[in-house]
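The values are calculated or read from the model by the stated rules, or taken from the named source; none is laboratory data. These figures come from a predicted structure and were not determined experimentally. Here the Cβ is made from the backbone with ideal geometry for all residues, glycine too, and neighbour counts use every protein chain on show.
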Amino acid sequence: MKETTVFDLQQAMNSGQTSSQELASKYLERIKALNDRLRAILCVNPNAHEIAAALDRERKRRGPRSPLHGIPVIVKDSITTKDNMPTTAGTRAMESFKSSKDAFLVAKLRQAGAVILAKSNLQELSYGFATNSTLGGQTLNPYALDRQPGGSSGGTAVAITTEMGAVGLGEDTAGSIRVPAAFNSIVGIRPTVGLISRTGMVPLAPSRDTAGPMTRTVTDAAILLDVMAGYDPADPITASSVGKIPETYTSFLKEDGLRGARIGVVRALVSTETETAVAVSAVINTAIEKMRSLGAAIVDPVEVTYLNDFNNRDRYVFEASIEWRPAFNNFLKWAGRDAPIQNFTDLAESVKGNALVERVVGLSLNAAEAEEDISYLRTIAIAQKLAELGALQAMAEHNLDALVYPAVQEPPAKIGERQTGTAPTTLAARARFPSIVVPAGFTENKLPVGIEFLARAFEEPRLIQLAYAFEQGTGYRRPPSLP
């Protein structure tokens, strides 16, 4: 089944077959029909029709601003939007927060003519993989309603795979784009940290946080990335992207992109420890053989040195346990008079009783300032360097274009159970390298599986090329059949 892309929607609007207003209505009707069951959306934009109508009039006068002109976008509710929509991060303390300004990347989307259609549910404060929040409840996986959708950007993933919006935005600290992308048979990109501004995004661990596209196709992910990438003076790390962004990522959408590519399989991340992990690994092995048939040279196995070291949570602390408090307080300063609470201490008070979030909030509340904690700075610097060098060395030794492995080693957990098998996403997160998850097929129980490609910093063009060729050569994505 061919997925409708943003390019297809633009062609339909340019020819008069549809309009932005009609698209907004179609997706809002879809949200109305499905959201009571799936709980993917927290709120819709009350001005969506008005904005879409204005963009339709502008198209008639001047033509489209960009490929995103008039396209309805779903935004994870940890990314600030105006339009009388709250930005809550799924938590009670933020319930009343209505910002008078957009996050930097949302402003860029509006400048490109996108319609911010709705805000999606998330794992509360982006901490965890279930997509269960105090404000939105438990989002369900449309492929199996008794299963989790992955998280923390699970609301966006479910909305996109069920066509509640054309394209979506997620956020990834440890796997928050890639896990739900894998579990919902969609495409998700975790960009190089520094490619996309985090200004106006509710933070978790700024040394790892990044926003990224979540779409049904690689084509749409490339279109979104074109608009989202770029320098923001308020987020100095984006200065590292200057000179490293192509004119358009869509120029790398090449069907023969795997021909002659060298792909290394990180076999240590392909688990066979449980029966369900074996089911996932069987899907991954078939996908790898398909890459070979599409012209790639497969190096299997490839060893990533230090893999067990930087994955060791006992030895290398999760950055949020130190970084969260100062980062959140800086976010509140950015919010200014719109801020719903005064400081991180208020947030800590509000989450008491939420065991998952309360623990790490408590750690950060009582931690030394990140910039002054020499022990912490040394620990995360070592962990990040080990991940970076391990991946770089593996690619250098075998002259590789990318590493591949399952995005998640286990299928979606049942509602209420702990999600396991998320270790593979740590590699890109620790190294702050780009990776892309693409549908790789389904288990015998019809649960989606995603495969992850990882490349060197700012090599998103090569990742898009490889992922597009894989997507076009396999057609593994299937939309859910909701009962």
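Check region 332-345 and report whether any residue there is farther than 24 Å from ASP102 by Cβ and out of contact with any Asp or Glu (no Cβ under 9 Å at 6 or more places or on another chain). Yes, because at least one residue in region 332-345 is farther than 24 Å from ASP102 by Cβ and out of contact with any Asp or Glu (no Cβ under 9 Å at 6 or more places or on another chain).
Touching a Ser or Thr at 6+ places or on another chain (Cβ under 8 Å), crowded, with 24+ Cβ neighbours inside 10 Å and in a loop (DSSP other than H, G, I, E, B), is that true of GLY168? Considered against the rule, which asks whether it is touching a Ser or Thr at 6+ places or on another chain (Cβ under 8 Å), crowded, with 24+ Cβ neighbours inside 10 Å and in a loop (DSSP other than H, G, I, E, B), GLY168 comes out as no. On the stretch given as region 351-366, residues that are touching a Lys or Arg at 6+ places or on another chain (Cβ under 7 Å) and either aliphatic (A, V, I, L, M) or crowded, with 19+ Cβ neighbours inside 10 Å (or both) total 2.
Does GLY113 satisfy the condition of being assigned to a loop (DSSP other than H, G, I, E, B), under 18 Å from ASP226 (Cα atoms) and either among the charged types (D, E, K, R) or touching a Lys or Arg at 6+ places or on another chain (Cβ under 6 Å) (or both)? Yes; evaluated as a whole, the condition is true for this residue. The residue list GLY90, GLY175 contains one member that is modelled with pLDDT of 95 or more, within 18 Å of ALA221 (Cα to Cα) and not in a helix (DSSP H, G or I), which is GLY175.
The set of residues from region 97-110 being assigned to a loop (DSSP other than H, G, I, E, B), surrounded by fewer than 24 Cβ atoms within 10 Å (Cβ to Cβ) and not polar (S, T, N, Q) comprises PHE97, LYS98, LYS101, ASP102. Taking the condition within 30 Å of SER251 (Cα to Cα) and among the polar types (S, T, N, Q), does ASN14 pass? In short, yes.
Condition check ((1) of a type in the set (Ser, Thr, Tyr); (2) touching an Asp or Glu at 6+ places or on another chain (Cβ under 7 Å); (3) part of a loop (DSSP other than H, G, I, E, B)) across all residues:
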site	(1), (2), (3)
GLU22	no, no, no
ARG30	no, yes, no
ALA33	no, no, no
ASP36	no, no, no
ILE51	no, no, no
ARG57	no, no, no
LYS60	no, no, no
ARG65	no, no, yes
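How many residues does region 350-379 contain that are part of a helix (DSSP H, G or I) and free of Cβ contacts under 8 Å to residues at least 12 places away in the same chain? So the answer is 7.
Please verify whether ALA396 is more than 26 Å from SER133 (Cα to Cα), touching a residue at least 12 places away in the same chain (Cβ under 8 Å) and small (Gly, Ala, Ser), treating the condition exactly as stated. Considered against the rule, which asks whether it is more than 26 Å from SER133 (Cα to Cα), touching a residue at least 12 places away in the same chain (Cβ under 8 Å) and small (Gly, Ala, Ser), ALA396 comes out as no.
Let's see how each residue does on (1) charged (D, E, K, R); (2) exposed (fewer than 14 other Cβ atoms within 10 Å of the Cβ); (3) not in a helix (DSSP H, G or I):
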{"residue": "ARG259", "(1), (2), (3)": "yes, yes, yes"}
{"residue": "ALA268", "(1), (2), (3)": "no, no, no"}
{"residue": "GLU273", "(1), (2), (3)": "yes, yes, yes"}
{"residue": "ALA277", "(1), (2), (3)": "no, no, no"}
{"residue": "MET291", "(1), (2), (3)": "no, no, no"}
{"residue": "VAL302", "(1), (2), (3)": "no, no, yes"}
{"residue": "PRO326", "(1), (2), (3)": "no, no, no"}
{"residue": "ARG337", "(1), (2), (3)": "yes, yes, no"}
{"residue": "ILE341", "(1), (2), (3)": "no, no, yes"}
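Any chance region 79-86 includes a residue that's modelled with pLDDT of 95 or more, touching a Cys at 6+ places or on another chain (Cβ under 8 Å) and either within 18 Å of ARG110 (Cβ to Cβ) or of a type in the set (Val, Ile, Thr) (or both)? Yes: region 79-86 contains one or more residues that are modelled with pLDDT of 95 or more, touching a Cys at 6+ places or on another chain (Cβ under 8 Å) and either within 18 Å of ARG110 (Cβ to Cβ) or of a type in the set (Val, Ile, Thr) (or both). So, in region 42-58, of the ones that are farther than 10 Å from ALA24 by Cβ and without any contact (Cβ under 8 Å) to a residue 12 or more places away in the chain, which residue ends up surrounded by the fewest Cβ atoms within 10 Å (Cβ to Cβ)? Checked region 42-58; the qualifying residue surrounded by the fewest Cβ atoms within 10 Å (Cβ to Cβ) is ARG57. Taking the stated definitions as given, is GLY151 within 12 Å of GLY90 (Cβ to Cβ) and under 13 Å from the mean Cα position of the chain (by Cα)? Judged against the criteria, GLY151 is a match.
Of the strands (runs of 3 or more DSSP E) lying entirely inside region 380-483, those containing at least 2 residues that are buried (at least 19 other Cβ atoms within 10 Å of the Cβ), aliphatic (A, V, I, L, M) and in contact with a Lys or Arg (Cβ under 8 Å, 6 or more places away or on another chain) span 435-442. Between TYR306, TYR249, the distinction of being crowded, with 16+ Cβ neighbours inside 10 Å and within 22 Å of the chain's Cα centre (by Cα) belongs to TYR249 only.
Restricting attention to region 63-96, which residues are crowded, with 19+ Cβ neighbours inside 10 Å, of a type in the set (Lys, Arg) and farther than 23 Å from ALA53 by Cα? Once the filter is applied, which keeps residues that are crowded, with 19+ Cβ neighbours inside 10 Å, of a type in the set (Lys, Arg) and farther than 23 Å from ALA53 by Cα, region 63-96 yields only LYS76.
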